[in-house]
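The block underneath contains the structure these notes are about, expressed in structure tokens.
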Amino acid sequence: MSEEKDILILAIESSCDETAAAVVKNGRDVLSNVISSQIDLHTLYGGVVPEIASRKHIEKINQVIEEALREAGTALEQIDAVAVTYGPGLVGALLVGVAEAKAIAYAAKKPLVGVHHIEGHIAANFIEHKELKPPFFSLVVSGGHTHLVRVKDYGKFDIIGRTRDDAAGEAFDKVARAIGLGYPGGPKIDRVAKEGDPDAVAFPRAHMEDAPYDFSFSGLKSAVLNYINGCRMKGETYSQADVAASFQKAVTDVLVENAMRAAKEYHMDKFAIAGGVASNTALRAAMAKACEAEGIELYYPSPVYCTDNAAMIGAAAYYEYRNGTRHGWDLNAVPNLKLGER
């Protein structure tokens with residue numbers, strides 16, 4: 001790809017509980033990355049309430065876009081394209097972002113580029129790792145997704161493994177709620193687990209005989225609930241930290257084992273982790289140890305680029321834009337959009 005002219009992307013992300021906008025140059029340089037989080041609000045309800053999320057996106061979206069442009073020192077006229085997440089995610093939240101992006105692109109006479117949310121998470125690795133280029137493997141681990149992906153080229157993916165039931169992040173949230181930590185579960189389990197014994201409770205690790213790269217965390221979640229209920233029925237106390245650490249290790253063991261098996265079978269020497277759970281310190285440490293043992297280069301974004309943000313959407317959009325992707329005014333939210341679908 002030639003770089004005769006800098007390409008500036010205004011990116012908008014509103015697929016769940018964060019309203020975000022960013023200006024990204026050439027897919028790798030973040031000029032601004034503004035995030036308005038709703039976590040404190042949804043914590044009151046123990047999880048994301050879709051209707052409340054949608055209303056908050058409507059309230060905040062103009063503010064974050066104006067702030068992103070101001071922080072980047074960029075006028076709308078200087079932008080080359082407007083990018084937006086159009087799936088997967090909560091349909092109401094996605095609709096707010098798509099409607100906003102279409103309105104701005106139409107009014108400013110700029111190309112519109114729709115971006116897949118998961119492609120954005122993978123592309124987050126390009127922001128801080130300028131040397132990272134396809135092909136490589138990626139493990140995408142978030143509240144709604146657990147995918148093992150072969151990144152063949154920019155915008156070209158093969159899903160090698162996926163979860164059969166609960167995503168890893170979803171399991172973190174449910175277990176956190178069960179042991180009294182509340183929402184959001186991932187960061188709270190990560191913190192509490194540091195004080196516990198990861199070998200205190202022998203929780204199961206699910207392996208799919210018919211699909212060795214697939215994941216399943218529903219049985220693990222049930223095992224944690226059964227353990228807690230068993231303790232209560234016997235009048236015994238249990239260590240919150242030990243349960244958190246043991247559960248976290250069970251999740252991490254399966255993620256790392258499947259990831260390394262895939263990397264070796266496909267002879268891949270570069271591996272990137274992405275998504276909200278990619279900021280989990282135990283997962284990062286276990287992946288780093290496994291990759292070092294196998295001579296694989298490991299990449300992961302800073303925590304701010306692991307959770308939902310618009311900079312990652314801008315990074316993915318740049319390569320879509322360079323590949324000629326343009327969407328019309330009929331672009332719509334696709335809440336169940338599959339990776340690689342167009």
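The values are calculated or read from the model by the stated rules, or taken from the named source; none is laboratory data. All values derive from a computational prediction rather than experimental measurement. All Cβ positions, glycine included, derive from the backbone under ideal geometry; neighbour counts span all protein chains shown. Heavy atoms of the whole protein, side chains included, go into the accessibility calculation; ligands, DNA and RNA do not. Shrake-Rupley method; radii C 1.70, N 1.55, O 1.52, S 1.80 Å.
Being in contact with a strand residue (DSSP E or B) (Cβ under 8 Å, 6 or more places away or on another chain), small (G, A, S) and on the phi > 0 side of the Ramachandran plot narrows it down to one of G155, G87, so name that one.
Just a single option satisfies the conditions, and that option is G87.
Of the residues A93, A53, only one is farther than 20 Å from V24 by Cα, in a helix (DSSP H, G or I) and in contact with an Asp or Glu (Cβ under 6 Å, 6 or more places away or on another chain); which?
The conditions single out A53.
Just give me the residues in region 261-284 being over 20 Å from the mean Cα position of the chain (by Cα), part of a helix (DSSP H, G or I) and of a type outside the set (G, A, S), in sequence order.
R261, K264, E265 - these are the residues of region 261-284 that are over 20 Å from the mean Cα position of the chain (by Cα), part of a helix (DSSP H, G or I) and of a type outside the set (G, A, S).
Does any residue of region 206-218 turn out to be open to solvent by 60 Å² or more (accessible area, probe 1.4 Å), in contact (Cβ under 8 Å) with a residue 40 or more places away in the chain and more than 16 Å from E170 (Cα to Cα)?
yes
Could you say whether any residue in region 226-233 is among the hydroxyl-bearing types (S, T, Y), modelled with pLDDT of 95 or more and surrounded by 13 or more Cβ atoms within 10 Å (Cβ to Cβ)?
Yes, there is a match, as at least one residue in region 226-233 is among the hydroxyl-bearing types (S, T, Y), modelled with pLDDT of 95 or more and surrounded by 13 or more Cβ atoms within 10 Å (Cβ to Cβ).
With A290, A285 as the choices, which residue is loosely packed, with under 13 Cβ neighbours inside 10 Å, over 22 Å from L8 (Cα atoms) and out of contact with any Leu (no Cβ under 7 Å at 6 or more places or on another chain)?
Values: A290 fails: loosely packed, with under 13 Cβ neighbours inside 10 Å.
So the residue among A290, A285 that is loosely packed, with under 13 Cβ neighbours inside 10 Å, over 22 Å from L8 (Cα atoms) and out of contact with any Leu (no Cβ under 7 Å at 6 or more places or on another chain) is A285.
Looking only at region 285-307, filter to residues that are under 18 Å from the mean Cα position of the chain (by Cα) and in a loop (DSSP other than H, G, I, E, B); which one of those is farthest from V64 (Cα to Cα)?
Y300
With the requirement that a residue be over 28 Å from A262 (Cα atoms) and either out of contact with any helix residue (DSSP H, G or I) (no Cβ under 8 Å at 6 or more places or on another chain) or of a type in the set (G, A, S) (or both), what does region 195-225 give you?
Within region 195-225, G196, A200 meet the criteria.
Name the residue, out of K102, K133, K109, K60, that is over 18 Å from A317 (Cβ atoms) and of a type in the set (D, E, K, R).
K60
Condition check: touching a residue at least 40 places away in the same chain (Cβ under 8 Å), open to solvent by less than 70 Å² (accessible area, probe 1.4 Å) and under 30 Å from L94 (Cβ atoms). Does N280 satisfy that? Explain how you work it out, then say what you get.
Values: touching a residue at least 40 places away in the same chain (Cβ under 8 Å): yes; open to solvent by less than 70 Å² (accessible area, probe 1.4 Å): yes; under 30 Å from L94 (Cβ atoms): yes.
Answer is yes for this residue.
List pairs: first residue in region 251-272 and free of Cβ contacts under 8 Å to residues at least 40 places away in the same chain, second residue in a loop (DSSP other than H, G, I, E, B) anywhere in the structure, Cβ distance under 7 angstrom, at least six positions apart or on different chains.
D269/G295; D269/I296
Just a yes or no: is a residue in region 229-241 in a helix (DSSP H, G or I), of a type in the set (A, V, I, L, M, F, W, C) and touching a His at 6+ places or on another chain (Cβ under 7 Å)?
no
Across region 169-186, which residue is nearest to Y319 (Cα to Cα) among those that are small (G, A, S) and in a helix (DSSP H, G or I)?
Only one residue fits best here, namely G169.
I'd like the full set of residues that are in a loop (DSSP other than H, G, I, E, B) and either among the aliphatic types (A, V, I, L, M) or surrounded by 21 or more Cβ atoms within 10 Å (Cβ to Cβ) (or both), limited to region 2-37.
Kept after step one, since they are in a loop (DSSP other than H, G, I, E, B), are these residues of region 2-37: 2-7, 14-17, 26-28.
Selection gives I7, S14, S15, C16, D17, G27.
If I go through region 308-331 residue by residue, how many of them are out of contact with any Ser or Thr (no Cβ under 7 Å at 6 or more places or on another chain), surrounded by 15 or more Cβ atoms within 10 Å (Cβ to Cβ) and outside any helix (DSSP H, G or I)?
Count: 5.
Quick check on region 96-114: of everything there that is open to solvent by less than 40 Å² (accessible area, probe 1.4 Å) and assigned to a helix (DSSP H, G or I), which residue is farthest from G144 (Cα to Cα)?
Among those that are open to solvent by less than 40 Å² (accessible area, probe 1.4 Å) and assigned to a helix (DSSP H, G or I), it is A108.
Take region 60-80 and flag every residue that is surrounded by 15 or more Cβ atoms within 10 Å (Cβ to Cβ) and part of a loop (DSSP other than H, G, I, E, B).
Scanning region 60-80 gives T74, I79, D80.
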